[in-house]
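Reading through the structure tokens given below for one structure.
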Amino acid sequence: MPQQSPEILTATRAAHAAGAITLNKFGELRKSEIHTKEFKDFVTETDRQCEAEISLILSEAFPEDGMLCEEGTTMTPRSGRRWIVDPLDGTLNFIHSFPVFSISIALQGSDGELIAGVIYLPITNELFTAEPGKGALLNGKPIRVTDRKEEDGYLIATGLPFKDYGYLDSYMEMLREVIHISSGVRRAGSAAIDLAYTACGRFDGFWEYKLLPWDFAAGVLLVREAGGIVTDFHGKRDVFSHKSIIAGSSLTHPLLLSMAQRHFPPEDPPSSTPL
């Protein structure tokens, strides 16, 4: 196994610390610890505690780096690098004691390229890590995207519109097509998990519209380092400029991309999230 960088080791320590917080509170949340951010979008005190712990560990180790976290922690980078953090991806699952959630931590360089990615699943104690040129790992062992060739055997992951329904018709038409060609479709409720599972071949592909950087940053690097392809719905590699993701193998990615291009507009608006 290639020697891991200080960045990966620190992100792993932060992810494990946050994971311990989630396991301590899982199934024990009080209503007073659940807050509404906006329509159908929630945050818990556990999200905030995880973000504070991750931010503290990362900033102590790399004080020159910036930070962009889902629950509002931001730091201006002096190094040109920025950590992108989802402290608890799958908050709704967590609120309902549905044991599918993750911690996602990525590091983006000053050139926009991803330097490190960590996704941790506390319930299953699975740690996914990736660095450029070093491959992707699950609990220290190399992983690869699917090599499945038969379309009727594909298991495809996606996300469902939950508060913005402006693209619902396009989404349903694409979903209909995916259902027809595949063996099944899954919606985990955590894009980070969807991408991690695509990286290790559990899912044959993944597609979702309207994502934000903390949803996908670590997972994008995982899939690419596992031999997969990740683009937006228009085939562009720079997924940070738009909010759509297609991930898969050399067979499943082009298949999903062709469907997305049939059912979604030629261009979606660039993300306004600063990076």
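All of the numbers you see were taken from the coordinates with simple rules; none came from a lab. What you see is a predicted model; the values in this text were computed from it and never measured. Note that each Cβ is placed from the backbone with ideal geometry, even for glycine, and that neighbours are counted across all protein chains shown.
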For this session: Please work out whether region 6-143 counts as rounded, prolate or oblate from its C-alpha gyration tensor, where a ≥ b ≥ c are the square roots of the eigenvalues and a/c under 1.5 means rounded, while otherwise a/b larger than b/c means prolate and anything else oblate?
Result: oblate
Exercise. Label Ser250 and Thr74 with points 7 Å out from Cα along Cα→Cβ: what is the distance between them in nm?
Worked result: 4.2 nm
Exercise. What is the helix-to-structure angle for 252-263, meaning the angle in degrees between its Cα long axis and the longest Cα principal axis of the chain, kept from 0 to 90 and rounded to the nearest 10?
Worked result: 70 degrees
For this session: Taking the Cβ of each residue in Met75, Met67 as the centre, tally the other Cβ atoms inside 10 Å and list the residues starting with the fewest.
Result: Met75, Met67
For this session: Take every DSSP beta bridge whose two residues both sit in region 151-263, then give the antiparallel share in percent to the nearest 5.
Result: 55 percent
Seminar exercise, completed: Any aspartates and glutamates whose Cα falls less than 14 Å from that of Lys149, other than same-chain ones fewer than 8 residues away, would be Asp204
Exercise. Projected onto the charge dipole of the chain (+1 at Lys/Arg Cβ, -1 at Asp/Glu Cβ, origin at the Cα centre), which of Ser59, Gly112, Pro254 gives the Cα projection farthest towards the positive end?
Worked result: Pro254
Problem set entry | Most to least packed among 201-211, 225-235 [average Cβ atoms within 10 Å] | 201-211, 225-235
For this session: Could you please report the charge total around Arg13, scoring K, R as +1 and D, E as -1 over all other residues with beta-carbon less than 12 angstrom from its beta-carbon?
Result: -3
Exercise. How many percent of DSSP beta bridges within the chain run antiparallel, rounded to 5?
Worked result: 80 percent
For this session: Within the set of other residues whose C-beta is less than 13 Å from the C-beta of Glu126, count the net charge using Lys and Arg as +1 and Asp and Glu as -1.
Result: +2
For this session: Label region 151-263 by shape, choosing from rounded, prolate and oblate, from the square roots a ≥ b ≥ c of the eigenvalues of the Cα gyration tensor; if a/c is under 1.5 it is rounded, and otherwise prolate applies when a/b is larger than b/c, oblate when it is not.
Result: rounded
Problem set entry | Angle in degrees between helix 6-25 and the longest Cα principal axis of the chain, rounded to the nearest 10 | 90 degrees
Problem set entry | Nearest-ten-degree value, helix 45-61 long axis tilted from longest Cα axis of the chain | 70 degrees
Seminar exercise, completed: Which of Lys141/Lys163; Lys31/Lys243; Lys134/Lys236; Lys25/Lys141 exceed 26 Å between C-alpha atoms? The answer is Lys141/Lys163; Lys31/Lys243; Lys25/Lys141
Exercise. Just in region 1-52: which GluC sites (Glu not before Pro) are loop by DSSP and have at most 12 other Cβ atoms within 10 Å?
Worked result: Glu28
For this session: Calculate, for Ser258 and Glu113, the FRET efficiency according to 1/(1 + (r/R0)^6) with r their C-beta to C-beta distance and R0 25 Å; round to the nearest 0.05.
Result: 0.40
Exercise. Pick the calculated Rg/Rh (Cα atoms, Kirkwood Rh) for this structure from [x] 0.95; [y] 0.97; [z] 1.01?
Worked result: [x]
Problem set entry | Residue order, fewest to most beta carbons within 10 Å, for Leu160, Leu137, Leu195 | Leu160, Leu137, Leu195
Seminar exercise, completed: Those trypsin sites (Lys or Arg not before Pro) from region 1-108 that are DSSP loop and have at most 15 other Cβ neighbours within 10 Å turn out to be Arg30, Lys40, Arg78
Seminar exercise, completed: Counting Lys and Arg as +1 and Asp and Glu as -1 over every other residue whose Cβ sits under 12 Å from the Cβ of Ser250, the net charge comes to +1
Exercise. Between Ser59 and Thr36, what FRET efficiency follows from the Cβ-Cβ distance if R0 is 22 Å, with the result rounded to 0.05?
Worked result: 0.20
